[in-house]
Amino acid sequence: MAKKQKPWAEPYKIKMVEPLKVTNSEYRLEKMKEAGWNTFLLHSEDVYIDLLTDSGTNAMSDYQWAGMMLGDEAYAGSKNYYYLEANVQKYYGYKYLVPTHQGRGAENMLSKALIKPGDFVPGNMFFTTTRQHQEIAGGTFVDVIIDEAHEAKGTHPFKGNVDLQKFENLINKVGADKIAYITIGAPVNMAGGQPVSMENMKQVHALAHKHGIKVVLDATRNIENAYFIQQREPGYQNKSLAEIHKEFCSYSDAATMSGKKDLLVNIGGFVACNDFEVFEELRNMVVVYEGLHTYGGLAGRDMEAMSRGLEEAIQDDYMASRIKQVEYFGNLLLDAGIPIVEPIGGHGVFLDAKRFYPHIPQTEYPAQALAAHLYIDSGIRAMERGAVSAGRNKETGENNMPNLELVRLTVPRRVYTQSHFDFAAYSIVELFEKREQAKGLKMVYEPKYLRFFQARFESL
Ligand code: F0G
(Lines give C-alpha, C1' and ligand atoms only; values in the text may rest on other atoms or scores of the structure.)
Protein backbone atom coordinates (compact mmCIF):
# COMPACT_ATOMS: atom_id res chain seq x y z
CA MET A 1 0.00 0.00 0.00
CA ALA A 2 1.36 3.41 -0.94
CA LYS A 3 2.05 5.66 2.03
CA LYS A 4 -0.93 7.90 2.53
CA GLN A 5 -1.75 10.82 4.76
CA LYS A 6 -2.35 9.85 8.38
CA PRO A 7 -6.09 9.14 8.64
CA TRP A 8 -8.31 10.95 11.10
CA ALA A 9 -10.46 9.07 13.59
CA GLU A 10 -13.16 9.99 16.07
CA PRO A 11 -12.17 10.90 19.64
CA TYR A 12 -15.10 8.85 21.01
CA LYS A 13 -16.56 5.37 20.71
CA ILE A 14 -20.09 3.95 20.45
CA LYS A 15 -21.90 2.88 23.63
CA MET A 16 -25.49 2.50 22.42
CA VAL A 17 -26.93 1.79 18.98
CA GLU A 18 -30.26 2.45 17.28
CA PRO A 19 -31.24 -0.19 14.69
CA LEU A 20 -32.27 1.04 11.24
CA LYS A 21 -34.97 -0.40 8.99
CA VAL A 22 -33.74 -1.56 5.59
CA THR A 23 -36.38 -1.26 2.85
CA ASN A 24 -36.51 -1.72 -0.93
CA SER A 25 -37.09 0.86 -3.65
CA GLU A 26 -40.70 -0.22 -4.44
CA TYR A 27 -41.61 0.40 -0.81
CA ARG A 28 -39.83 3.75 -0.83
CA LEU A 29 -41.50 4.90 -4.07
CA GLU A 30 -44.88 4.37 -2.37
CA LYS A 31 -43.72 6.29 0.70
CA MET A 32 -42.38 9.14 -1.43
CA LYS A 33 -45.69 9.45 -3.25
CA GLU A 34 -47.54 9.49 0.08
CA ALA A 35 -45.14 12.23 1.23
CA GLY A 36 -45.90 14.42 -1.81
CA TRP A 37 -42.28 14.20 -3.04
CA ASN A 38 -41.15 16.15 -0.03
CA THR A 39 -38.53 14.47 2.18
CA PHE A 40 -39.77 16.48 5.20
CA LEU A 41 -43.04 14.56 5.01
CA LEU A 42 -41.53 11.07 5.23
CA HIS A 43 -41.73 9.07 8.45
CA SER A 44 -38.21 8.81 9.81
CA GLU A 45 -38.58 5.06 10.46
CA ASP A 46 -38.75 4.62 6.66
CA VAL A 47 -35.35 6.30 6.23
CA TYR A 48 -32.09 4.37 6.20
CA ILE A 49 -29.42 7.09 6.41
CA ASP A 50 -30.92 10.38 7.51
CA LEU A 51 -28.97 13.34 6.13
CA LEU A 52 -31.97 15.68 6.18
CA THR A 53 -30.40 17.97 8.73
CA ASP A 54 -27.74 18.37 11.39
CA SER A 55 -30.34 20.12 13.56
CA GLY A 56 -31.25 18.32 16.76
CA THR A 57 -30.04 15.04 15.28
CA ASN A 58 -26.84 14.92 17.35
CA ALA A 59 -25.77 11.94 19.45
CA MET A 60 -25.26 13.08 23.04
CA SER A 61 -22.35 11.83 25.13
CA ASP A 62 -22.47 9.91 28.41
CA TYR A 63 -21.44 13.18 30.11
CA GLN A 64 -24.49 14.93 28.63
CA TRP A 65 -26.86 12.07 29.47
CA ALA A 66 -25.54 12.03 33.02
CA GLY A 67 -26.30 15.76 33.16
CA MET A 68 -29.88 15.06 32.08
CA MET A 69 -30.37 13.32 35.43
CA LEU A 70 -29.33 16.49 37.21
CA GLY A 71 -32.15 18.61 35.79
CA ASP A 72 -33.36 21.16 38.33
CA GLU A 73 -36.97 21.41 37.15
CA ALA A 74 -37.94 24.35 39.31
CA TYR A 75 -40.14 26.87 37.52
CA ALA A 76 -37.85 29.74 38.45
CA GLY A 77 -34.11 30.05 39.01
CA SER A 78 -33.04 26.54 37.96
CA LYS A 79 -29.38 25.90 38.72
CA ASN A 80 -28.99 24.53 35.19
CA TYR A 81 -29.81 28.03 33.89
CA TYR A 82 -27.04 29.62 35.95
CA TYR A 83 -24.56 27.03 34.74
CA LEU A 84 -25.59 27.72 31.13
CA GLU A 85 -25.29 31.46 31.71
CA ALA A 86 -21.78 31.01 33.10
CA ASN A 87 -20.75 28.82 30.15
CA VAL A 88 -22.17 31.22 27.57
CA GLN A 89 -20.29 34.07 29.24
CA LYS A 90 -17.11 31.98 29.34
CA TYR A 91 -17.16 30.65 25.76
CA TYR A 92 -19.16 33.26 23.82
CA GLY A 93 -18.38 36.29 25.95
CA TYR A 94 -21.82 37.96 25.91
CA LYS A 95 -23.01 39.49 29.15
CA TYR A 96 -26.69 38.58 29.08
CA LEU A 97 -28.46 35.35 28.21
CA VAL A 98 -32.08 34.43 27.53
CA PRO A 99 -32.67 30.73 26.78
CA THR A 100 -35.17 29.77 24.06
CA HIS A 101 -36.63 26.48 22.91
CA GLN A 102 -34.56 26.68 19.69
CA GLY A 103 -32.98 29.14 17.25
CA ARG A 104 -36.15 30.56 15.73
CA GLY A 105 -37.50 31.40 19.18
CA ALA A 106 -34.44 33.62 19.57
CA GLU A 107 -34.87 35.05 16.05
CA ASN A 108 -38.50 35.89 16.72
CA MET A 109 -37.69 37.91 19.82
CA LEU A 110 -34.59 39.63 18.55
CA SER A 111 -36.34 40.63 15.30
CA LYS A 112 -39.28 42.05 17.24
CA ALA A 113 -36.95 43.87 19.65
CA LEU A 114 -34.72 45.53 17.05
CA ILE A 115 -36.65 45.89 13.76
CA LYS A 116 -39.13 48.71 13.06
CA PRO A 117 -41.48 48.39 10.08
CA GLY A 118 -39.70 49.75 7.01
CA ASP A 119 -36.21 48.87 8.28
CA PHE A 120 -33.60 46.99 6.24
CA VAL A 121 -31.64 44.04 7.57
CA PRO A 122 -28.51 43.20 5.59
CA GLY A 123 -26.92 39.79 6.01
CA ASN A 124 -24.47 37.34 4.44
CA MET A 125 -27.14 35.41 2.51
CA PHE A 126 -30.59 34.70 3.85
CA PHE A 127 -31.50 31.85 6.12
CA THR A 128 -35.11 30.68 5.86
CA THR A 129 -36.35 31.14 9.45
CA THR A 130 -34.15 34.19 10.10
CA ARG A 131 -35.50 36.09 7.09
CA GLN A 132 -39.07 35.00 7.85
CA HIS A 133 -38.89 36.55 11.33
CA GLN A 134 -37.28 39.71 9.95
CA GLU A 135 -40.11 40.05 7.44
CA ILE A 136 -42.83 39.38 10.02
CA ALA A 137 -41.29 42.18 12.13
CA GLY A 138 -41.62 44.52 9.11
CA GLY A 139 -38.04 44.39 7.87
CA THR A 140 -36.60 43.75 4.43
CA PHE A 141 -33.62 41.45 4.12
CA VAL A 142 -30.77 42.60 1.85
CA ASP A 143 -28.09 40.14 0.75
CA VAL A 144 -24.57 41.56 1.11
CA ILE A 145 -22.52 38.38 0.75
CA ILE A 146 -19.62 38.26 -1.75
CA ASP A 147 -20.60 37.16 -5.28
CA GLU A 148 -18.49 33.99 -5.03
CA ALA A 149 -21.00 32.59 -2.50
CA HIS A 150 -23.68 32.37 -5.17
CA GLU A 151 -21.56 30.06 -7.33
CA ALA A 152 -21.41 26.34 -6.66
CA LYS A 153 -17.83 26.07 -7.90
CA GLY A 154 -14.84 27.97 -6.57
CA THR A 155 -11.82 27.92 -4.33
CA HIS A 156 -12.38 30.99 -2.10
CA PRO A 157 -11.44 29.86 1.44
CA PHE A 158 -14.04 32.18 3.03
CA LYS A 159 -16.98 32.21 0.66
CA GLY A 160 -19.27 33.34 3.49
CA ASN A 161 -17.62 36.77 3.73
CA VAL A 162 -19.55 40.01 3.51
CA ASP A 163 -18.89 42.24 0.51
CA LEU A 164 -18.12 45.44 2.41
CA GLN A 165 -18.86 47.53 -0.66
CA LYS A 166 -22.37 46.10 -0.90
CA PHE A 167 -22.91 46.83 2.80
CA GLU A 168 -21.61 50.39 2.42
CA ASN A 169 -23.76 50.97 -0.68
CA LEU A 170 -26.83 50.00 1.31
CA ILE A 171 -25.89 52.38 4.13
CA ASN A 172 -25.44 55.19 1.59
CA LYS A 173 -28.69 54.35 -0.17
CA VAL A 174 -31.14 53.96 2.73
CA GLY A 175 -29.27 55.66 5.59
CA ALA A 176 -27.85 54.02 8.71
CA ASP A 177 -30.94 54.84 10.78
CA LYS A 178 -33.01 52.62 8.49
CA ILE A 179 -30.76 49.63 9.10
CA ALA A 180 -31.91 47.63 12.11
CA TYR A 181 -28.68 45.61 12.31
CA ILE A 182 -26.53 43.38 10.14
CA THR A 183 -26.73 39.60 10.63
CA ILE A 184 -23.66 37.44 10.15
CA GLY A 185 -24.14 33.71 9.90
CA ALA A 186 -20.95 31.72 10.02
CA PRO A 187 -20.59 29.34 8.29
CA VAL A 188 -23.32 30.26 5.81
CA ASN A 189 -25.85 27.46 5.70
CA MET A 190 -27.53 28.31 2.38
CA ALA A 191 -24.20 28.82 0.60
CA GLY A 192 -23.12 25.28 1.45
CA GLY A 193 -21.63 25.76 4.90
CA GLN A 194 -19.06 28.32 3.78
CA PRO A 195 -17.06 30.10 6.50
CA VAL A 196 -16.45 33.78 7.30
CA SER A 197 -12.91 34.96 8.06
CA MET A 198 -11.92 36.77 11.24
CA GLU A 199 -10.57 39.63 9.16
CA ASN A 200 -13.91 40.07 7.39
CA MET A 201 -15.83 39.94 10.66
CA LYS A 202 -13.55 42.62 12.12
CA GLN A 203 -14.12 44.84 9.10
CA VAL A 204 -17.89 44.34 9.20
CA HIS A 205 -17.88 45.29 12.86
CA ALA A 206 -15.75 48.41 12.22
CA LEU A 207 -17.94 49.60 9.33
CA ALA A 208 -21.19 48.88 11.16
CA HIS A 209 -20.09 50.59 14.36
CA LYS A 210 -18.79 53.61 12.46
CA HIS A 211 -22.43 54.12 11.43
CA GLY A 212 -23.98 53.10 14.74
CA ILE A 213 -25.32 49.81 13.34
CA LYS A 214 -25.42 46.71 15.55
CA VAL A 215 -23.86 43.41 14.47
CA VAL A 216 -25.94 40.31 15.25
CA LEU A 217 -24.26 36.95 14.96
CA ASP A 218 -26.24 33.88 14.00
CA ALA A 219 -23.96 31.74 16.13
CA THR A 220 -25.65 28.45 15.22
CA ARG A 221 -22.49 26.79 13.83
CA ASN A 222 -19.94 29.35 14.91
CA ILE A 223 -17.60 26.84 16.54
CA GLU A 224 -17.40 25.06 13.17
CA ASN A 225 -16.52 28.42 11.66
CA ALA A 226 -13.71 28.81 14.20
CA TYR A 227 -12.24 25.53 12.95
CA PHE A 228 -12.03 26.90 9.39
CA ILE A 229 -10.32 30.04 10.68
CA GLN A 230 -7.81 27.90 12.55
CA GLN A 231 -7.11 25.85 9.41
CA ARG A 232 -7.17 28.58 6.77
CA GLU A 233 -6.50 32.05 8.15
CA PRO A 234 -2.92 33.21 8.74
CA GLY A 235 -2.12 33.83 12.40
CA TYR A 236 -4.66 31.40 13.88
CA GLN A 237 -2.94 28.02 13.50
CA ASN A 238 -1.66 27.98 17.06
CA LYS A 239 -4.80 29.30 18.71
CA SER A 240 -7.42 27.06 20.29
CA LEU A 241 -10.97 26.95 18.97
CA ALA A 242 -12.12 28.44 22.27
CA GLU A 243 -9.92 31.50 21.73
CA ILE A 244 -10.85 31.92 18.07
CA HIS A 245 -14.55 31.47 18.70
CA LYS A 246 -14.61 34.01 21.52
CA GLU A 247 -12.64 36.55 19.51
CA PHE A 248 -15.13 36.17 16.62
CA CYS A 249 -18.09 36.74 18.94
CA SER A 250 -16.37 39.84 20.35
CA TYR A 251 -17.02 41.58 17.01
CA SER A 252 -20.77 41.30 17.50
CA ASP A 253 -23.28 42.91 19.85
CA ALA A 254 -25.72 40.04 20.15
CA ALA A 255 -26.26 36.49 18.98
CA THR A 256 -29.13 34.17 18.22
CA MET A 257 -28.32 30.53 18.68
CA SER A 258 -29.75 27.18 17.74
CA GLY A 259 -28.12 24.80 20.20
CA LYS A 260 -29.44 21.95 18.04
CA LYS A 261 -26.34 22.28 15.85
CA ASP A 262 -22.98 23.18 17.41
CA LEU A 263 -24.03 22.39 20.97
CA LEU A 264 -24.66 18.67 20.45
CA VAL A 265 -28.21 18.56 21.81
CA ASN A 266 -31.60 17.57 20.46
CA ILE A 267 -33.39 20.75 21.53
CA GLY A 268 -32.40 24.18 22.82
CA GLY A 269 -31.25 27.64 21.88
CA PHE A 270 -30.67 31.11 23.26
CA VAL A 271 -30.32 34.76 22.51
CA ALA A 272 -27.44 36.63 24.10
CA CYS A 273 -26.35 40.26 24.05
CA ASN A 274 -24.16 42.90 25.66
CA ASP A 275 -26.59 45.77 25.76
CA PHE A 276 -28.71 45.96 28.91
CA GLU A 277 -31.66 47.69 27.20
CA VAL A 278 -31.85 44.98 24.55
CA PHE A 279 -31.64 42.33 27.26
CA GLU A 280 -34.48 43.94 29.18
CA GLU A 281 -36.67 43.90 26.11
CA LEU A 282 -35.83 40.24 25.41
CA ARG A 283 -36.41 39.29 29.02
CA ASN A 284 -39.81 40.96 28.85
CA MET A 285 -40.71 39.19 25.64
CA VAL A 286 -39.53 35.71 26.56
CA VAL A 287 -42.28 35.32 29.17
CA VAL A 288 -44.85 35.88 26.41
CA TYR A 289 -43.40 33.61 23.73
CA GLU A 290 -41.23 30.97 25.38
CA GLY A 291 -41.41 30.74 29.17
CA LEU A 292 -39.80 32.33 32.20
CA HIS A 293 -36.42 34.03 31.54
CA THR A 294 -34.59 31.30 33.46
CA TYR A 295 -35.83 28.46 31.24
CA GLY A 296 -37.13 29.93 27.98
CA GLY A 297 -39.15 26.90 26.89
CA LEU A 298 -36.58 24.34 27.99
CA ALA A 299 -36.55 21.79 30.78
CA GLY A 300 -33.71 22.20 33.27
CA ARG A 301 -32.20 18.97 31.95
CA ASP A 302 -32.15 20.39 28.41
CA MET A 303 -30.16 23.41 29.60
CA GLU A 304 -27.76 21.10 31.40
CA ALA A 305 -27.25 18.99 28.27
CA MET A 306 -26.63 22.16 26.25
CA SER A 307 -24.02 23.50 28.72
CA ARG A 308 -22.20 20.20 28.69
CA GLY A 309 -22.52 19.97 24.89
CA LEU A 310 -20.85 23.36 24.64
CA GLU A 311 -17.92 22.15 26.72
CA GLU A 312 -17.49 19.22 24.33
CA ALA A 313 -18.12 21.11 21.08
CA ILE A 314 -15.35 23.61 21.80
CA GLN A 315 -12.69 20.86 22.02
CA ASP A 316 -10.26 21.00 19.10
CA ASP A 317 -10.02 17.24 18.58
CA TYR A 318 -13.77 16.78 18.51
CA MET A 319 -14.31 19.58 15.99
CA ALA A 320 -11.49 18.36 13.75
CA SER A 321 -13.14 14.94 13.52
CA ARG A 322 -16.52 16.56 12.86
CA ILE A 323 -15.31 18.56 9.88
CA LYS A 324 -13.01 15.83 8.61
CA GLN A 325 -15.93 13.42 8.42
CA VAL A 326 -17.78 15.90 6.19
CA GLU A 327 -14.63 16.33 4.09
CA TYR A 328 -14.21 12.57 3.77
CA PHE A 329 -17.73 12.26 2.38
CA GLY A 330 -17.32 15.25 0.07
CA ASN A 331 -14.04 13.95 -1.30
CA LEU A 332 -15.58 10.57 -2.13
CA LEU A 333 -18.10 12.41 -4.30
CA LEU A 334 -15.56 14.76 -5.87
CA ASP A 335 -13.29 11.84 -6.74
CA ALA A 336 -16.24 10.19 -8.53
CA GLY A 337 -16.94 13.34 -10.54
CA ILE A 338 -20.18 14.27 -8.77
CA PRO A 339 -20.98 18.01 -8.95
CA ILE A 340 -20.95 19.42 -5.41
CA VAL A 341 -20.45 22.85 -3.87
CA GLU A 342 -16.77 23.65 -3.48
CA PRO A 343 -14.93 24.12 -1.22
CA ILE A 344 -16.59 21.41 0.91
CA GLY A 345 -18.46 23.14 3.73
CA GLY A 346 -18.80 22.61 7.45
CA HIS A 347 -22.04 20.79 8.15
CA GLY A 348 -22.71 18.84 5.01
CA VAL A 349 -22.05 18.20 1.36
CA PHE A 350 -24.26 19.99 -1.13
CA LEU A 351 -25.08 18.45 -4.51
CA ASP A 352 -25.32 20.97 -7.34
CA ALA A 353 -28.66 19.98 -8.89
CA LYS A 354 -28.18 22.28 -11.88
CA ARG A 355 -25.18 20.24 -12.98
CA PHE A 356 -26.54 16.92 -11.70
CA TYR A 357 -29.82 17.28 -13.66
CA PRO A 358 -29.00 19.85 -16.38
CA HIS A 359 -32.05 18.76 -18.38
CA ILE A 360 -34.55 19.76 -15.65
CA PRO A 361 -35.37 23.51 -15.66
CA GLN A 362 -35.36 25.30 -12.30
CA THR A 363 -39.13 25.86 -12.57
CA GLU A 364 -39.47 22.07 -12.28
CA TYR A 365 -37.49 22.00 -9.02
CA PRO A 366 -34.49 19.83 -9.93
CA ALA A 367 -33.13 19.86 -6.35
CA GLN A 368 -36.47 18.83 -4.85
CA ALA A 369 -36.66 16.03 -7.44
CA LEU A 370 -33.09 14.91 -6.80
CA ALA A 371 -33.69 14.66 -3.03
CA ALA A 372 -36.79 12.52 -3.72
CA HIS A 373 -34.99 10.28 -6.22
CA LEU A 374 -32.10 9.70 -3.83
CA TYR A 375 -34.53 8.51 -1.17
CA ILE A 376 -36.38 6.19 -3.55
CA ASP A 377 -33.13 4.79 -4.89
CA SER A 378 -31.24 4.15 -1.67
CA GLY A 379 -33.20 5.21 1.42
CA ILE A 380 -30.99 8.24 2.04
CA ARG A 381 -32.88 11.35 3.10
CA ALA A 382 -31.56 14.76 2.03
CA MET A 383 -33.09 18.24 1.80
CA GLU A 384 -33.77 20.70 -1.00
CA ARG A 385 -31.96 24.05 -0.75
CA GLY A 386 -32.98 25.81 -3.94
CA ALA A 387 -36.06 27.41 -5.48
CA VAL A 388 -38.52 25.78 -3.06
CA SER A 389 -36.58 26.92 0.02
CA ALA A 390 -36.06 30.40 -1.43
CA GLY A 391 -39.83 31.06 -1.38
CA ARG A 392 -41.40 34.13 -2.92
CA ASN A 393 -40.46 37.79 -3.12
CA LYS A 394 -42.26 39.54 -0.28
CA GLU A 395 -43.29 42.53 -2.47
CA THR A 396 -44.08 41.00 -5.86
CA GLY A 397 -45.13 37.51 -4.81
CA GLU A 398 -43.00 36.08 -7.62
CA ASN A 399 -41.01 32.88 -7.02
CA ASN A 400 -37.43 33.62 -6.00
CA MET A 401 -35.03 31.83 -8.35
CA PRO A 402 -31.71 31.54 -6.51
CA ASN A 403 -28.55 30.85 -8.43
CA LEU A 404 -27.82 27.95 -6.10
CA GLU A 405 -30.12 24.97 -6.67
CA LEU A 406 -28.79 22.47 -4.15
CA VAL A 407 -29.51 19.24 -2.35
CA ARG A 408 -28.04 19.27 1.13
CA LEU A 409 -26.61 16.03 2.50
CA THR A 410 -26.26 17.15 6.08
CA VAL A 411 -24.04 15.30 8.51
CA PRO A 412 -25.48 14.77 12.01
CA ARG A 413 -22.83 15.01 14.72
CA ARG A 414 -21.35 11.77 16.13
CA VAL A 415 -24.12 9.68 14.53
CA TYR A 416 -22.90 7.91 11.39
CA THR A 417 -19.76 5.95 10.62
CA GLN A 418 -17.41 6.12 7.68
CA SER A 419 -19.11 3.09 6.11
CA HIS A 420 -22.44 4.91 6.11
CA PHE A 421 -20.78 7.60 4.03
CA ASP A 422 -19.16 5.02 1.74
CA PHE A 423 -22.64 3.63 1.16
CA ALA A 424 -24.15 7.08 0.63
CA ALA A 425 -21.47 8.10 -1.86
CA TYR A 426 -21.85 4.82 -3.78
CA SER A 427 -25.62 5.36 -3.99
CA ILE A 428 -25.25 8.92 -5.25
CA VAL A 429 -22.82 7.79 -7.96
CA GLU A 430 -25.32 5.12 -9.06
CA LEU A 431 -28.07 7.74 -9.30
CA PHE A 432 -25.77 10.06 -11.27
CA GLU A 433 -25.12 7.30 -13.80
CA LYS A 434 -28.82 7.12 -14.70
CA ARG A 435 -29.51 10.86 -14.39
CA GLU A 436 -30.94 11.22 -17.93
CA GLN A 437 -34.09 9.33 -16.96
CA ALA A 438 -34.94 11.76 -14.16
CA LYS A 439 -38.03 13.97 -14.36
CA GLY A 440 -38.88 17.23 -12.61
CA LEU A 441 -41.77 18.09 -10.30
CA LYS A 442 -44.82 20.31 -10.16
CA MET A 443 -45.85 21.97 -6.86
CA VAL A 444 -49.45 21.11 -6.01
CA TYR A 445 -49.71 22.51 -2.47
CA GLU A 446 -47.91 25.58 -1.17
CA PRO A 447 -48.06 26.70 2.47
CA LYS A 448 -47.88 30.40 3.28
CA TYR A 449 -44.76 30.39 5.47
CA LEU A 450 -41.49 28.47 4.95
CA ARG A 451 -43.11 26.43 2.22
CA PHE A 452 -40.30 23.89 1.83
CA PHE A 453 -41.29 22.19 5.10
CA GLN A 454 -44.79 21.17 4.01
CA ALA A 455 -45.18 21.77 0.25
CA ARG A 456 -46.42 18.84 -1.85
CA PHE A 457 -45.44 17.89 -5.39
CA GLU A 458 -46.27 15.51 -8.21
CA SER A 459 -43.82 13.95 -10.61
CA LEU A 460 -44.01 15.27 -14.20
N1 F0G B 1 -29.90 29.85 11.72
C2 F0G B 1 -29.32 28.91 10.98
C3 F0G B 1 -28.08 29.24 10.22
C4 F0G B 1 -29.88 27.64 10.90
O5 F0G B 1 -29.28 26.72 10.17
C6 F0G B 1 -31.06 27.37 11.62
C7 F0G B 1 -31.71 26.07 11.52
C8 F0G B 1 -31.63 28.39 12.39
C9 F0G B 1 -31.03 29.62 12.41
C10 F0G B 1 -32.92 28.17 13.15
O11 F0G B 1 -32.71 27.36 14.24
O12 F0G B 1 -34.02 25.29 13.74
O13 F0G B 1 -33.22 25.82 16.05
O14 F0G B 1 -35.06 27.11 15.04
N15 F0G B 1 -31.44 25.24 10.63
C16 F0G B 1 -31.98 23.93 10.48
C17 F0G B 1 -31.37 23.29 9.27
C18 F0G B 1 -33.46 23.87 10.48
O19 F0G B 1 -31.78 22.17 8.94
O20 F0G B 1 -30.49 23.88 8.64
P21 F0G B 1 -33.82 26.33 14.79
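How big is the Rg/Rh ratio for segment 238-311, C-alpha atoms only, Rh by Kirkwood, two decimals?
Radius of gyration over Kirkwood radius for segment 238-311 works out to 1.00.
What is the sum of charges, Lys and Arg at +1 and Asp and Glu at -1, for the other residues whose Cβ falls under 11 Å from the Cβ of Tyr251?
With Lys, Arg at +1 and Asp, Glu at -1, the net is -1.
For segment 240-319 and segment 335-408, what is the separation of their C-alpha centers, rounded to whole Å?
Cα centres, segment 240-319 to segment 335-408: 30 Å.
Stretched out fully, how many nm does the piece from Glu446 to Ala206 gain, at 0.36 nm a residue minus the Cα gap?
82.2 nm
Under 26 Å from the Cα of Lys210, which lysines turn up, not counting those fewer than eight places away in the same chain?
Lys95, Lys112, Lys116, Lys159, Lys166, Lys173, Lys178, Lys202, Lys246
What accessible surface, in Å², does a 1.4 Å probe find on Trp8, ignoring ligands, DNA and RNA and rounding to the nearest 10?
About 60 Å², ignoring ligands and nucleic acids.
What lysines could a cross-link reach from Lys15, if we take a straight Cα to Cα line under 27 Å and drop same-chain neighbours fewer than 8 places away?
Partners found: Lys6, Lys260, Lys261, Lys324.
For Ala76 and Glu277 in the same chain, what is the full-extension length gain: residue separation times 0.36 nm, less their Cα-Cα distance, in nm?
Contour length minus the Cα-Cα distance gives 70.2 nm.
What list of ³J(HN,Hα) values in whole Hz, one per residue of segment 179-185 in order, does the Karplus curve 6.51 cos²θ - 1.76 cosθ + 1.60 (θ = phi - 60°) give from phi, with Gly and Pro shown as x?
With coefficients 6.51, -1.76 and 1.60, one gets 9, 5, 4, 10, 9, 10, x Hz.
Starting from segment 1-50, pick out the trypsin sites (Lys or Arg not before Pro) whose DSSP state is loop and whose Cβ has at most 16 other Cβ atoms within 10 Å.
Lys3, Lys4, Lys13, Lys15, Lys21
Quick one: Cα centre-to-centre distance for segment 122-193 and segment 11-68, in angstrom?
Segment 122-193 and segment 11-68 have Cα centres separated by 32 Å.
Give the long-range amide H neighbours of Gly185: residues separated by 5 or more places, or on another chain, with amide H under 5 Å away, using H modelled in the peptide plane at 1.01 Å from N.
The list, which skips near neighbours in sequence, is Asn124, Asp218.
Report the relative contact order of the chain, percent, no decimals, based on alpha-carbon pairs under 8 angstrom and at least 6 residues apart.
Rounded, it is 24 percent for the chain.
DSSP beta bridges in the chain, what fraction antiparallel, as a percent rounded to 5?
Among the beta bridges of the chain, antiparallel pairing accounts for roughly 65 percent.
Among Pro339, Leu460, Ala74, flag the residue with its Cα farthest along the positive direction of the charge dipole of the chain, charges on Cβ as +1 for Lys/Arg and -1 for Asp/Glu.
Looking along the dipole axis, the top candidate is Pro339.
For segment 62-313, just list the percent of Cα-Cα distances falling in each 5 Å bin from zero outward, please.
Going from the shortest bin to the longest, the percentages are 1, 7, 14, 18, 19, 17, 12, 7, 3, 1, 0.
When Rg is the radius of gyration of the Cα atoms in the chain and Rh is its Kirkwood radius, what does Rg/Rh come to?
Ratio of gyration radius to Kirkwood radius: 0.95.
The values are calculated or read from the model by the stated rules, or taken from the named source; none is laboratory data. Here the structure is a predicted model, which means the values were calculated and not measured. Quick reminder, even Gly has a Cβ in these numbers, built from the backbone with ideal geometry, and neighbours come from all protein chains shown. Heads up: the accessible areas ignore ligands, DNA and RNA and are worked out on the full protein's heavy atoms, side chains in. Shrake-Rupley method; radii C 1.70, N 1.55, O 1.52, S 1.80 Å.
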